[in-house]
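Comments concern the structure below.
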Amino acid sequence: MDSHTTGDHAIWLLGVADDHLILAQRLCEWIGHAPTLEEELALANIGLDLLGQARPLYAHVAALAGAGQSADQLALTREERAYRNILLVEQPNGDFAHTMVRQLFFSALMGPLWAALRRSTDPVVAGVAAQAVKESTYHIRHSGQWVIRLGDGTSESHERAQTAVDRLWPFIEEMFEADAAAQAATSSGVGVDPSTLRSHWDHTIQTVLTQATLTVPSRSARRRGGRSGRHTEHLGRLLCELQYLQRAYPGLSW
């Protein structure tokens, strides 16, 4: 593998790791605020699953880059524009329906992505995927059941769930776009072209939304830019909390 290919490989992996780190931070914001104790534990556990998937990817990126950075430094010391996460995961939690719809949209992508990555030519990626695909199956089931329960529940819960679908739909197309790094990772057998997962995602989402009596927005503006570091105003605020200890005590380690 030449240096250019290795660079694309690392850049693509960094985006995947960032997706999981940022969404994990969002889910952990529910601790102490979830509607029930059981759900608080469930959201915390999903957040820990996402962190568990991100950490070995950050460590692998650090090794590939060979710049002397640790996984913690990659995760906690970069500037906002250096993060490559998709815009969906940085959106605020909103109400519980908003959080569940966001989780469903993301998990419905990661389920088939991790399944495909079990065949990655990179053994580290394949190993992470083998564990992550099991966790993603639960994440899809958990969020899907809640979206159905809320959408097909009371008039208020239905309205809140539909509002969440409408507000988050503009961020969907970005999930299936492959930038140069993703294309290179796919060509080398390391990654997967996300556009090939669209039909699987559509089927999962349509199945859940139909049971939830929710509708797909007929027209929606498209929001993109996360993979190139062009984020919404929400990421900077999230990073202020995520990076607080590292900024207050540079080099801190447990």
Unit-weight point scatterers at every alpha-carbon of region 89-137, Debye formula, q = 0.18, 0.20, 0.25, 0.30 1/Å: log10 I(q)/I(0) is -0.59, -0.67, -0.82, -0.98
Residue separation between Tyr249 and Asp152 times 0.36 nm, minus their alpha-carbon distance, gives in nm 30.1 nm
Checked region 19-144 with the C-alpha gyration tensor, a ≥ b ≥ c its square-rooted eigenvalues, rounded below a/c of 1.5, otherwise prolate if a/b is larger than b/c and oblate if not; verdict oblate
The helix 96-117 Cα axis meets the longest alpha-carbon principal axis of the chain at an angle in degrees, between 0 and 90 and rounded to 10, of 50 degrees
With a Förster distance of 30 angstrom and the Cβ-Cβ distance between His33 and Thr215, calculated FRET efficiency to the nearest 0.05 equals 0.55
Among (1) 123; (2) 145; (3) 196, the entry matching volume of the Cα convex hull per residue in Å³ as calculated here is (1)
Carbon/sulfur accessible area of the chain, % of total, 1.4 Å probe, equals 54 percent
Of the residues Val216, Gln25, Ile140, the Cα lying farthest along the dipole of the chain towards its positive end, which is defined by charges on the beta carbon of Lys, Arg, Asp and Glu, belongs to Val216
By the Cα gyration tensor axes a ≥ b ≥ c (a/c under 1.5 gives rounded; else a/b larger than b/c gives prolate, otherwise oblate), the shape of region 184-229 is oblate
With every protein chain kept in place and a 1.4 Å probe, the chain has an accessible area per residue in Å² of 47 Å²
What helix-only [θ] at 222 nm does the chain give? Using -39500 (n - 2.57) per DSSP H run of at least 4, over all residues, to the nearest 500, the answer is -21500 deg cm²/dmol
Output for region 167-225: trypsin sites (Lys or Arg not before Pro) sitting in coil per DSSP, at most 13 other Cβ within 10 Å, listed by number, reads Arg219, Arg222
Reduced to Cα centres, the span from region 93-169 to region 193-254 in Å works out to 11 Å
Between Ala82 and Glu40, Cβ-based FRET efficiency (R0 41 Å, step 0.05) works out to 0.85
Scoring region 1-141 by relative contact order with C-alpha pairs under 8 Å, at least six apart, yields a percentage of 26 percent
Simple SL model, points at 7 angstrom along Cα→Cβ for Arg230 and Asp166; separation in nm is 2.7 nm
Note on region 135-254: alpha-carbon gyration tensor, axes a ≥ b ≥ c; rule is a/c under 1.5 for rounded, else prolate if a/b larger than b/c, else oblate; result oblate
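The values are calculated or read from the model by the stated rules, or taken from the named source; none is laboratory data. This is a predicted model, so every value here is computed, not measured. Cβ coordinates were reconstructed from backbone atoms using ideal geometry, including for glycine residues, and neighbour counts include every protein chain displayed. For accessibility, only protein heavy atoms count, side chains too; no ligands or nucleic acids. Shrake-Rupley method; radii C 1.70, N 1.55, O 1.52, S 1.80 Å.
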